[in-house]
């Protein structure tokens, strides 16, 4: 098997990630509305549910909005994420593959993790090279488990 070529891919906010956050918030709001229609009117627990749902949804969207832009690089031997004048190195694992979108986790050598939502439309010309690097036997792992050779 040939090694995957070096590739650099832009990283930033993802429209799919925002859509998923919005969908989950809407489902939570609908569940609360159905609960309100069936329960005693003006229950304190319904107000608590609404407040917690609002705060969690706002926190999730704020996290999405503040996600920094950067570059994910594969040099043929290791992965490097350059974000905000900081460089994180380590292996990546694929947790979701929807052909046009990838959810990756970079396992930093310092012990942290960085979740990355990548989209084909961000840099379509490099998408194939990125997927080759991610799915090559030496480039990454699938679902957090190392691929057997």
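Annotation for segment 114-133: at least one member residue is part of a loop (DSSP other than H, G, I, E, B), in contact with a strand residue (DSSP E or B) (Cβ under 7 Å, 6 or more places away or on another chain), in contact (Cβ under 8 Å) with a residue 60 or more places away in the chain and at negative phi. One residue is enough: does segment 17-39 have a residue meeting the conditions in contact (Cβ under 8 Å) with a residue 12 or more places away in the chain and touching a strand residue (DSSP E or B) at 6+ places or on another chain (Cβ under 8 Å)? Yes, the conditions are met somewhere in segment 17-39.
Would you mind stating whether residue 34 is assigned to a helix (DSSP H, G or I), over 13 Å from residue 134 (Cα atoms) and modelled with pLDDT of 90 or more? No.
Taking the criterion of being assigned to a loop (DSSP other than H, G, I, E, B), more than 17 Å from the chain's Cα centre (by Cα) and free of Cβ contacts under 8 Å to residues at least 40 places away in the same chain, the residues of segment 60-92 that qualify are 78, 84, 85. When residues in segment 111-139 are screened for being out of contact with any helix residue (DSSP H, G or I) (no Cβ under 9 Å at 6 or more places or on another chain), under 19 Å from residue 76 (Cα atoms) and at pLDDT below 90, 3 of them pass.
One residue stands out among those in segment 14-28 that are in contact with a helix residue (DSSP H, G or I) (Cβ under 9 Å, 6 or more places away or on another chain) and loosely packed, with under 15 Cβ neighbours inside 10 Å: the one that is modelled with the lowest pLDDT, which is 15.
The values are calculated or read from the model by the stated rules, or taken from the named source; none is laboratory data. These numbers were taken from a predicted model, which means no experiment stands behind them. As a convention, Cβ positions derive from the backbone with ideal geometry for all residues, glycine included, and neighbour counts pool all protein chains shown.
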